[in-house]
Amino acid sequence: MKLPTKERARDRSLTDDEIRWFWQGCGQIGWPFGPLFMLLLLTAQRRDEVGGMRWSEIDVAERTWTLPRQRAKGDREHEVQLSEAAVDVLRSLPRITISGNGQDGLVFTTTRRAPVSGFGNAKRRLDALMAEARRDSLGLSENTKIADWRLHDLRRTAATGMARLNIPPHVVDKVLNHSSGAIRGVAAIYNRFEYLDERRAALEAWGRYVCDLVSTQKTNIVMLPRR
C-alpha cells in the first residue's frame, strides 16, 4: 500500500504555440465556452467569476468589468480593466436577457437564469481540438495529446505572459486580485493604491500579445462565430 504523497504545487502555463492551438480550438467550440475560455485568458480572472459575469457589471464605453464583492474572492469589489481584445470578444456575443430585467442578464447562460455548467466536457472537447491543431501545425502523422493542463492555468499563463512583458509583480498581483502578493508586511498596510492605469496598460499589452500570436493580421482579433 502506497503512502499518500503531498501534492506538488502546479506551475503549468501554456506556451505560445499552445496559446495558438487553444485560441483555434475556442473558435471551433463556439458559444458559450469558446468565448468564455478566451476571456479567462485575456482577463486573468477566475473561472466562476467569468462564468457568472453579468452585462450590468460591464461598461463597454469605459472598458471595465466591476466584479461585485459577493462574487469576488476575498469578499471585496474588484475592477477588471478590459483590453481591446476582451471588448471585441464581448461585442461578438449574443445578448441573452431576462424578461423585465434586460440589463442584468448573464453573459454566459443557456437557461437565462443560471450560469453555464459542463466545464469538464467543454474542456475535453477543447483538448481534442488543441491536439488536432498541434498535429496539423507540426506535421505529425498521429494526433498526440496536449500535455495536461487545467482552466486555472490560463490565469497563470496570463500572469506569466505579463511578467514576460516586463509588467511589475505588484501590478500583476492587483490584476489577479491577490490579497497578498509582491507588497507585503507594513508596506501592504500603508500602500492602498490600486494602480488602475498600470493594470489597464498591463492587460492591454497582454491582449495585444495574444492577438499577435493568434492572428495573421496583428491588429485584428480572431472573430468568434455567432450562435
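A few notes on this one:
- You can think of it this way: the chain between residue 84 and residue 196 has 38.7 nm of extra reach, that is 0.36 nm per residue less the Cα-Cα gap.
- Pairwise FRET efficiency - residue 212 versus residue 148, Cβ, R0 = 30 Å, nearest 0.05: 0.65
- For residue 145, the aspartates and glutamates whose Cα falls under 18 Å of its own Cα, not counting residues fewer than eight places away in the same chain, are 16, 17, 18, 127, 132, 136, 153.
The numbers here are math on the coordinates, done by the rules we state, and not lab data. Bear in mind that the values here come from a model prediction, so they are computed numbers and not experimental data. Ideal geometry is used to build each Cβ from the backbone, glycine not excepted, and the neighbour counts take in all protein chains shown.
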